[in-house]
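One structure is given here, and the rest of the page talks about it.
A short reminder: the numbers here are calculations on the coordinates, not readings from a lab. None of the values given here were measured: they were computed from a predicted structure.
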Amino acid sequence: MEVQLLYFGGCPHWTIMEERLRQALALSGIAATIEHCLVHTQEEADRYRFAGSPSILLDGRGPFQTGTGAFGLTCRVYATPDGPAGTPTVEQLAEAIKEATTT
């Protein structure tokens, strides 16, 4: 599985996302390297379909895409069981990984 972590410089949540993503991969039994993708420009954001920082792509797909089509150098908010947060929970990430491996 190709795993990419997209973020922009100064994002306060990308390191938490990386930690949770590593935990979710371990829980899922997936041995994957996380590719770090630092997004610098709006052009890069458009190319990656970057919906905000931090974001992940699993085999090129964004499991938490909202379909708004807005891409850019912005902070991202995720819906979690405890309310809005800067990253999904480990459980939400593990579920996204599971879905990505079955499709």
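What to note about this one:
- Helix 14-28 axis versus longest C-alpha principal axis of the chain: approximately 30°, rounded to the nearest ten.
- Computed [θ] at 222 nm, deg cm²/dmol, the chain (DSSP H ≥ 4; -39,500 (n - 2.57); rounded to nearest 500): -10500 deg cm²/dmol
- Using alpha-carbon coordinates, inclination of helix 90-102 to the longest axis of the chain, degrees: 80 degrees
- Taking the DSSP bridge list for the chain and keeping only pairs wholly inside it, about 55 percent are antiparallel.
- Based on Cα contacts under 8 Å between residues 6+ apart, region 1-95 shows a relative contact order of 37 percent.
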